[in-house]
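The structure under discussion appears below in the form of structure tokens.
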Amino acid sequence: MDNSLNHMEKTNDFHRLFSCRYGQNMPYCKIMERIGISENASMDEGDWGFWHYLPYSKEDERLGMVCTTAGSQKVAPGTVYPPLKEKHPASFRPVAEGRVLPEYQIIYVTEGEGIFSVPGKILDVVPGSMLLILPGVKHYYYPKKETGWQEYWVGFKGSYFNKLAKQGFLSEEQLFFNIGHYDYFTSIFKRIFDEVKSQKPLYQMKACSAVLTIISEMLSRSRRQGQPDYYQQIVEKAKYLMEKNIDGDINIPSIAAQIGISTSRLNEVFKQFSSMTPYQHYIQLKIHKAEEILSEENISVKEAAWRMGFDDQYYFSRLFKQKTGIAPSDWKKYSSQ
């Protein structure tokens, strides 16, 4: 094999080929050593930070989630972006001019300012901005020359992420998030970097679990940022009243009246803030409490239903199985073993 081959030009098929030949659990740097390419070719650390373009196996692909790339770099003011351009695969290089990727990416900017463009929009990037790249969507981004920036990124693909996109969680309607600068997010990226660097068994699964954490936190914070503060106050009051009356009737109008708003307004605010209705949340609280008393106390299913405010034992049993996947009588049996 030609040892002068530029490793950064290799495609995912290349990664799979060598993962198969040299072992799926072999760290990437060891594969590079085996074929005569230095570790520095896959990772640059120091002034520029570090990045990896990752191998993954058929086993990883069967999970429906793979991490394709991860890295961070500090781009100094006046630097042509991206720095060390030739060390990236060809399809990734025109990030500042315009490109289309076959994968998802999330970029988190913690310092500096820049520009992010997607079809129909040109957006200002500031510290705390999070950019979402979707497969097939043309985009470009770059730091302003006068400021540079610090960026963290992760790339990912797979059927699970495609499902999130199909359901609207990852959408062209929202590709820019003003998250704010939180150490919490950088710590998750660094957790991904640790997995990427070590490439221990099942590192792909661990890295992807961290990617899901970033996505869920990104969407959650974005949703709540777009809502007035009093939404949270209303929801917290409603939840408090539900917990206080956990063994009573499910009376949403009464809860709304105690808060001082209409039932329809409570339903609207609660659903917008928490993605479920007050009734759904109340039912979930009751089922969790029922799980607890069935596990810890010597009572019948009928008594558990009565204590949770259900007059109809069979309705209670149907709800319990719907929420937990198991009948309350079986729950009681298994929890006592």
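Taking a ≥ b ≥ c as the square roots of the Cα gyration tensor eigenvalues, with a/c under 1.5 meaning rounded and otherwise prolate when a/b beats b/c, else oblate, which class fits the range 39-142? Since a/c reaches 1.5 but b/c is at least a/b, the shape of the range 39-142 is classed as oblate. Taking θ as phi - 60° and the Karplus parameters 6.51, -1.76 and 1.60, the scalar couplings of the range 313-319 work out to 4, 6, 5, 4, 5, 5, 4 Hz in sequence order, x denoting glycine and proline. When the Cα positions of Met205, Ser254, Leu241 are compared along the charge dipole of the range 197-264, Met205 comes out farthest toward the positive end, with charges on each C-beta of Lys, Arg, Asp and Glu. Computed on the range 229-335, with alpha-carbon pairs under 8 angstrom and 6+ residues apart, the relative contact order is 24 percent.
Backbone amide hydrogens, once placed in the peptide plane, bring Gly180 within less than 5 Å of Ser129, excluding anything fewer than 5 places away on its chain.
Overall form of the range 229-335: prolate. Here a/c, set by the Cα gyration tensor axes a ≥ b ≥ c, is 1.5 or more, and a/b is the larger of a/b and b/c. Dipole magnitude for the range 229-335: about 220 debye, using +1 per Lys or Arg Cβ and -1 per Asp or Glu Cβ, origin at the Cα centre.
Are there any trypsin sites (Lys or Arg not before Pro) in the range 153-185 that are in a DSSP loop and have at most 15 other Cβ atoms within 10 Å? List them by number. Numbers along the way, then the final one.
Values: sites: Lys157, Lys163, Lys166; in loops: none.
Here no loop site has a sparse enough neighbourhood.
In this structure, the amide hydrogen of Ala70, modeled 1.01 Å from its nitrogen in the peptide plane, lies closer than 5 angstrom to those of His52, Gly155, counting only residues at least 5 positions away or on a different chain. Estimated translational diffusion coefficient (Stokes-Einstein, Kirkwood radius over Cα pairs, 37 °C, 0.692 mPa s) of the range 97-235: 206 µm² per second.
Throughout, read-outs are computed from the coordinates displayed, never taken from laboratory work. Quick caveat, the model's predicted, so the values are computed rather than measured. Cβ coordinates were reconstructed from backbone atoms using ideal geometry, including for glycine residues, and neighbour counts include every protein chain displayed.
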